[in-house]
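Engineer: Can you read through this structure? Questions will come right after.
Computed from the coordinates by the stated procedures, all read-outs in this text should not be read as laboratory data. On a predicted model such as this, the values are computed, not experimentally measured, just so you know. Cβ atoms come from the backbone with ideal geometry, glycine included; neighbour counts cover every protein chain shown.
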Amino acid sequence: MSSPELSAAPVLVIGAGIMGAGIAQVAAQSGHRVFLFDVREGAASQARAKLDQTLQGLQGKGKITAQAAAQTLSRIAVVDQLAQANDVGLVIEAIVENLDAKRALFQQLETVVGPECVLATNTSSISVTAIANGLQHPGRLVGMHFFNPVPLMKLVEVVSGLQTDFAVAQAIFELSETWGKVPVHARSTPGFIVNRIARPFYAETLALLHERAAQPAELDACLRAVGFRMGPCELMDLIGHDTNFAVTQSVFEANFYDKRYVPSLVQRELVDAGLLGRKSGRGFFDYRAAHENPSKPSPESGADPKLPPPEHRSLTVMGRGPWAEHWAQALDQAGLSVAREPKSDWLGLDVDGAQLRMSDGRTASMLGRDVAVFDRPTSQAVGAALAWAASCQASGDWVRAAPNWLRMLGVAPIRVQDTPALVVTRTLAMLINEAADAVQQGVCSIDGANAAMRLGVNYPAGPFDWLGGWSAAGVISVLEALDAHYRGERYRVSPWLRQHAAAH
Ligand code: NAI
């Protein structure tokens with residue numbers, strides 16, 4: 001069935017839970033006649049009644065007209081037998097996340113619907129290839145992965161299994177656009193795009209917690225400063241540690257236990273303890289009444305460019321580029337006399353021979369005695385939280401002075417243990433690396449990865465946008481420093497990044 005035919009076709013939504021109800025709403029709002037079916041008696045009628053309330057709420061807020069609300073609802077019919085919807089052009093399945101149940105359902109559907117009918121699954125983690133196995137026409141089965149809440153989230157991953165006809169995937173892609181969504185093609189591989197590329201956002205924070213490099217609130221503050229709406233700890237608390245741990249485990253197992261995706265003991269302990277996050281009242285943070293504002297960041301103190309400058313004899317901005325310019329300007333505005341060393345192979349400040357260096361992945365202790373490293377800043381906003389660490393041999397004077405110099409540069413320093421690539425540097429490098437592997441393996445395009453992460457999990461930028469402001473060689477150095485420190489497969493560099501570095 002082609003895209004224009006699909007856009008006029010009746011749609012059968014199977015499973016009237018959170019996702020099915022949202023999908024039915026969006027399809028009906030786009031003008032489709034919708035049949036809603038659920039195996040649990042009364043579930044589809046309840047979902048329709050709830051949708052009625054939602055539509056009335058939207059009408060009350062002036063977001064839709066009374067006529068649109070009534071029309072949308074009138075387009076949705078509850079059916080108690082699949083055969084009542086045998087003339088549909090599209091079926092979207094949103095039932096329980098279980099391979100056997102989904103396979104059985106689609107095999108049954110082939111005996112009910114016409115040969116042209118497109119079959120779509122909203123699975124979030126099961127292989128589309130595997131669901132299609134056993135169908136008479138596996139080419140017409142495609143993944144149509146919506147995000148929760150469906151009416152608000154723009155992204156749809158259009159997932160092709162090994163046997164999916166490209167014309168079918170393309171028709172679903174175009175249909176999703178007419179529904180006001182932003183579709184992205186994906187190949188059926190574990191986690192598809194978003195759930196795969198997002199793993200390091202959680203995994204790097206969990207690794208830092210595991211080695212007690214920083215506190216949850218500190219890690220959250222550093223990553224919020226990049227523009228993430230929530231830090232990883234508060235986000236895992238919101239998602240629920242049981243759910244997040246299950247996704248991590250399923251991606252790990254589905255990748256034949258590739259160490260890149262190894263789950264964390266820190267998270268398993270929370271699950272074992274029943275500290276599942278907001279829903280259980282406690283996770284990394286305590287959400288019970290006595291503990292207000294649980295994820296308040298705790299930087300050492302805010303940035304204050306008006307501070308009296310720490311004592312010094314000579315001050316040099318090392319390296320070149322926008323950050324060096326920005327720092328030179330900030331120090332100049334504070335009335336300090338600043339030398340420049342644009343040919344330096346590191347970025348940062350030299351204060352009387354002591355070094356304050358932007359992280360290149362190596363620890364401060366590897367770089368020398370009076371050395372402090374700081375995280376990769378991504379915003380010039382004054383007061384943004386930024387992780388830093390001191391060499392284990394650094395003098396007490398330098399350990400006290402380094403954060404004050406960071407405040408002079410306009411950031412709010414947060415001291416963490418001297419771990420390679422600190423917090424933001426390692427997280428962004430690993431997100432870029434994962435996205436690069438996904439592109440290398442044909443899971444998605446560069447634009448697809450960027451759109452998926454911006455729209456599926458509200459990232460402030462896509463992984464390849466970050467790469468554009470960095471360099472493939474820089475990301476590789478960070479990953480190699482991490483790999484040298486920890487050894488093992490976790491930080492192996494994507495072949496795509498190596499090729500990209502060689503070509504640029
Ligand atoms: P849910 O538990 O809210 O709803 C599932 C519904 O399917 C229930 O009403 C259940 O009675 C019904 N059902 C179960 N087996 C059935 C069958 N054989 N035939 C007909 N109805 C059946 O689940 P939810 O969250 O809506 O998830 C549904 C699907 O969407 C799953 O595959 C899930 O992985 C996927 N998904 C969920 C997301 C989420 O955030 N909840 C996001 C994206 C995808």
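Engineer: Please list 3J(HN,Hα) in residue order for the range 48-65, calculated via the Karplus relation 6.51 cos²θ - 1.76 cosθ + 1.60 where θ = phi - 60°; whole Hz, with x for glycine and proline.
Structural biologist: 5, 5, 5, 5, 4, 4, 4, 5, 5, x, 5, 5, x, 7, x, 7, 9, 7
Engineer: Would you please give the FRET efficiency between Arg212 and Val382, computed as 1/(1 + (r/R0)^6) with r the Cβ-Cβ distance and R0 = 25 Å, to the nearest 0.05? Before the final figure, lay out each step's value.
Structural biologist: Details: r = 30 Å, r/R0 = 1.20.
Step by step, r from the Cβ atoms, then E = 0.25.
Engineer: In µm²/s, what is D for the range 11-188 at 10 °C and 1.306 mPa s, where D = kT/(6 pi eta Rh) by Stokes-Einstein and Rh is the Kirkwood radius from Cα pairs? Kindly include the intermediate steps, with their values, before the conclusion.
Structural biologist: Details: Rh = 16.1 Å.
This corresponds to a translational diffusion coefficient of 98 µm²/s.
Engineer: Could you give the C-alpha radius of gyration of the range 353-504 expressed as a fraction of 2.2 N^0.38 Å, taking N as the number of residues it contains? Don't skip to the end; give the middle numbers.
Structural biologist: Values: Rg = 16.5 Å, N = 152, 2.2 N^0.38 = 14.8 Å.
With N residues counted in the range 353-504, Rg over 2.2 N^0.38 Å equals 1.11.
Engineer: Once you sort the root eigenvalues of the Cα gyration tensor of the range 315-415 as a ≥ b ≥ c, which label holds: rounded (a/c under 1.5), prolate (a/b larger than b/c) or oblate (the other case)? List each step's numbers first, then the result.
Structural biologist: On the way: a/c = 1.40, a/b = 1.26, b/c = 1.12.
Because its axes are fairly even, with a/c under 1.5, the range 315-415 counts as rounded.
Engineer: Quick one: which residues, 5 or more positions from Glu93 or on another chain, have an amide H under 5 Å from its amide H? H modelled 1.01 Å from N in the peptide plane, none for Pro or chain starts.
Structural biologist: For Glu93, whose amide H was placed from the backbone, the distant partners under 5 Å are Ile14, Ala120, Thr121, Asn122.
Engineer: A further question follows. If the chain between Val338 and Leu152 were fully stretched, how many nm would it gain, using 0.36 nm times the residue separation less the Cα-Cα distance?
Structural biologist: Numbers: separation 186, 0.36 × 186 = 66.96 nm, distance 5.02 nm.
61.9 nm is the gain from fully extending Val338 to Leu152.
Engineer: How many nm separate the modelled label positions at Glu116 and Gln441, each set 7 Å beyond the Cα in the direction of the Cβ?
Structural biologist: Those two pseudo-labels are separated by 3.7 nm.
Engineer: Restricting to DSSP H runs of at least four residues, report the calculated mean residue ellipticity at 222 nm for the chain, -39500 (n - 2.57) per run over all residues, nearest 500 deg cm²/dmol. Walk me through the intermediate numbers first.
Structural biologist: On the way: 21 runs with 217 residues, N = 504.
Value at 222 nm, helices only: -13000 deg cm²/dmol.
Engineer: Would you please put 149-155, 17-23 in order of how densely packed they are, using the mean number of other Cβ atoms within 10 angstrom per residue and starting with the highest?
Structural biologist: On the way: 149-155: 16.3, 17-23: 21.7.
Ranked by mean Cβ neighbours within 10 Å, highest first: 17-23, 149-155.
Engineer: If you don't mind, another one. For Leu238 paired with Val39, estimate the spin-label separation in nm (one decimal), with each label point 7 Å from Cα along the Cα-to-Cβ line.
Structural biologist: Spacing of the two 7 Å Cα→Cβ label points: 3.2 nm.
Engineer: With a ≥ b ≥ c taken as the square roots of the eigenvalues of the C-alpha gyration tensor of the range 1-104, please select rounded if a/c is under 1.5 and otherwise prolate if a/b is larger than b/c or oblate if it is not? Could you put the intermediate results ahead of the total?
Structural biologist: On the way: a/c = 2.04, a/b = 1.36, b/c = 1.51.
Here the range 1-104 falls in the oblate category.
Engineer: Also, I was wondering about something else. Starting at the first residue of the range 153-166, write each ³J(HN,Hα) from the Karplus equation 6.51 cos²θ - 1.76 cosθ + 1.60 with θ = phi - 60°, in whole Hz, x for Gly and Pro.
Structural biologist: Once rounded to whole Hz, the list reads 7, 7, 6, 10, 7, 9, 9, 9, x, 4, 9, 5, 5, 4.
Engineer: With Cβ to Cβ distances under 14 Å as the rule, what net charge do the other residues near Leu109 carry (K, R +1; D, E -1)? Let's see the in-between values first.
Structural biologist: Details: positive: Lys102, Arg103, Arg140; negative: Asp87, Glu93, Glu110, Glu116.
Summing Lys and Arg as +1 and Asp and Glu as -1 gives -1.
Engineer: Same structure again: Beyond 27 Å between alpha-carbons counts as too far, so tell me which of Lys181/Lys279; Lys61/Lys154; Lys61/Lys181; Lys50/Lys102 fall in that bin. Please report the intermediate quantities before stating the final value.
Structural biologist: On the way: Lys181/Lys279 30 Å; Lys61/Lys154 21 Å; Lys61/Lys181 22 Å; Lys50/Lys102 25 Å.
Long pairs (Cα-Cα over 27 Å): Lys181/Lys279.
Engineer: Can you bin every Cα-Cα distance in the chain into 10 Å intervals starting at zero and give me the percent of pairs per bin, rounded to whole numbers?
Structural biologist: Percent of pairs per bin, in order: 4, 18, 25, 22, 16, 10, 5, 1, 0.
Engineer: Continuing with the same structure: Give me the net charge of Leu467's neighbourhood, meaning all other residues with Cβ under 14 Å from the Cβ of Leu467; Lys, Arg count +1, Asp, Glu -1. Can you show the working numbers first?
Structural biologist: Working: positive: Arg376, Arg498; negative: Glu434, Asp437, Asp447, Asp465.
Once positives and negatives cancel, what remains is -2.
Engineer: Quick one: which residues, 5+ away or cross-chain, put their amide H under 5 Å from the amide H of His185? H built at 1.01 Å from N.
Structural biologist: Here Val158 satisfy the definition.
Engineer: Considering only the range 11-188, what is the antiparallel percent among its DSSP beta bridges, to the nearest 5? Don't jump to the answer; show the numbers that get you there.
Structural biologist: Details: 4 of 28 bridges.
The antiparallel proportion sits near 15 percent.
Engineer: Also: Mind putting a number on the dipole of the chain about its Cα centre? Charges go on the C-beta only, +1 for Lys and Arg and -1 for Asp and Glu, and I need it in Debye to the nearest 20. Don't skip to the end; give the middle numbers.
Structural biologist: Values: 44 positive and 49 negative charges, 98 e Å.
Around 480 debye, computed over the chain.
Engineer: Sticking with this structure for a sec: Give me the angle, in degrees from 0 to 90, between the Cα long axis of helix 472-486 and the longest principal axis of the Cα atoms of the chain, rounded to the nearest 10.
Structural biologist: With both axes taken from Cα atoms, the answer is about 80 degrees.
Engineer: For the range 424-503, what does the alpha-carbon gyration tensor say about shape, rounded, prolate or oblate, given a ≥ b ≥ c as the root eigenvalues, a/c under 1.5 as rounded, and a/b over b/c as prolate? Walk me through the numbers on the way to the answer.
Structural biologist: Values: a/c = 1.71, a/b = 1.49, b/c = 1.15.
In terms of gyration-tensor shape, prolate.
Engineer: Calculated FRET efficiency, Gln56 and Arg492, Cβ-Cβ r, R0 45 Å, to nearest 0.05? Mind dumping the intermediate values first?
Structural biologist: Details: r = 53 Å, r/R0 = 1.19.
Once rounded, the FRET efficiency stands at 0.25.
Engineer: Run the numbers for Ala66 and Phe166: contour at 0.36 nm per residue of separation, minus the present Cα-Cα distance, in nm. Walk me through the intermediate numbers first.
Structural biologist: Values: separation 100, 0.36 × 100 = 36.00 nm, distance 3.94 nm.
Additional length available on full extension: 32.1 nm.
Engineer: Compute the acute angle (0 to 90°) between the alpha-carbon long axis of helix 446-456 and the principal axis of greatest extent of the alpha-carbon atoms of the chain; round to the nearest 10°.
Structural biologist: Roughly 80 degrees, rounded to the nearest 10.
Engineer: Any idea what angle helix 396-408 forms with the longest principal axis of the chain, computed on alpha-carbon atoms, 0 to 90 degrees, nearest 10?
Structural biologist: Its long axis makes an angle of about 60 degrees.
Engineer: Counting DSSP beta bridges with both partners in the chain, what percentage is antiparallel, nearest 5? Each step should come with its number before you reach the end.
Structural biologist: Details: 17 of 53 bridges.
Rounded to the nearest five, the antiparallel share is 30 percent.
Engineer: Can I ask one more? Under 13 Å from the 7 Å Cα→Cβ point of Glu5, by amide nitrogen: which residues of the range 100-118?
Structural biologist: 114-118
Engineer: Also, I was wondering about something else. If amide hydrogens are placed 1.01 Å from N in the peptide plane, which non-local residues have theirs closer than 5 Å to the one on Phe35?
Structural biologist: Counting only residues 5 or more places away or on other chains, the set is Val11, Leu12, Val13, Ala77.
Engineer: Taking 0.36 nm per residue of separation and subtracting the Cα-Cα distance, what length does fully extending Tyr287 through Ala246 add? Present the calculation step by step, with values, prior to reporting the outcome.
Structural biologist: Values: separation 41, 0.36 × 41 = 14.76 nm, distance 2.25 nm.
Taking 0.36 nm per residue and subtracting the Cα distance, the gain is 12.5 nm.
Engineer: Based on Cα positions only, what radius of gyration and what Dmax would you give for the range 346-391, in angstroms?
Structural biologist: 10.7, 30
Engineer: Separate question: Just to confirm a number: summing +1 for Lys and Arg and -1 for Asp and Glu over residues other than Arg369 whose beta-carbon lies under 14 angstrom from that of Arg369, what do you get?
Structural biologist: Once all neighbours under 14 Å are counted, the net charge is -4.
Engineer: Using each residue's phi in the range 24-29, evaluate 6.51 cos²θ - 1.76 cosθ + 1.60 at θ = phi - 60° and report the 3J(HN,Hα) Karplus result to the nearest Hz, with x for Gly and Pro.
Structural biologist: 4, 4, 5, 5, 5, 5
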